[in-house]
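*Asks:* Here's a structure for you.
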Amino acid sequence: MKLAWIALVLAACTQPRSTRCKQVCAREYECAAQKTSTVPFDEKECIAACSVLEADQDNVAKVQQHAECVMSHQDCSDVLTCP
């Protein structure tokens, strides 16, 4: 488990950051800040995780679906509940 986490972190450090991930994470950060969530939202960590998932062929559709959900909602409550 620990080795898998280290591999994910290292992969995240070397993954190129996609425009889609930057836009989605920026929107999620904006909504998290607006809702004054008690859970901190790390935009850079979001972008890194998104980029790793986006590079994995098994997860591309999930990233696309999540991005479409986030970008299609105006209300932050809806954005923060996107799958």
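The values are calculated or read from the model by the stated rules, or taken from the named source; none is laboratory data. What you see is a predicted model; the values in this text were computed from it and never measured. Cβ: placed from backbone, ideal geometry, glycine included. Neighbour counts: every protein chain shown.
*Asks:* I'm trying to understand the selection: among the residues of the stretch 1-22, which are surrounded by 15 or more Cβ atoms within 10 Å (Cβ to Cβ), at pLDDT 90 or above and farther than 17 Å from H73 by Cβ?
*Replies:* Matches in the stretch 1-22: C21, K22.
Yes or no, residue by residue, for (1) surrounded by fewer than 18 Cβ atoms within 10 Å (Cβ to Cβ); (2) within 14 Å of the chain's Cα centre (by Cα); (3) of a type in the set (D, E):
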| residue | (1), (2), (3) |
| --- | --- |
| V24 | no, yes, no |
| C31 | no, yes, no |
| E54 | no, yes, yes |
| E68 | yes, yes, yes |
| D75 | yes, no, yes |
| V79 | no, yes, no |
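*Asks:* Continuing with this model, one more query. So which residues in the stretch 24-83 are among the small types (G, A, S) and not in a helix (DSSP H, G or I), if there are any at all?
*Replies:* S37
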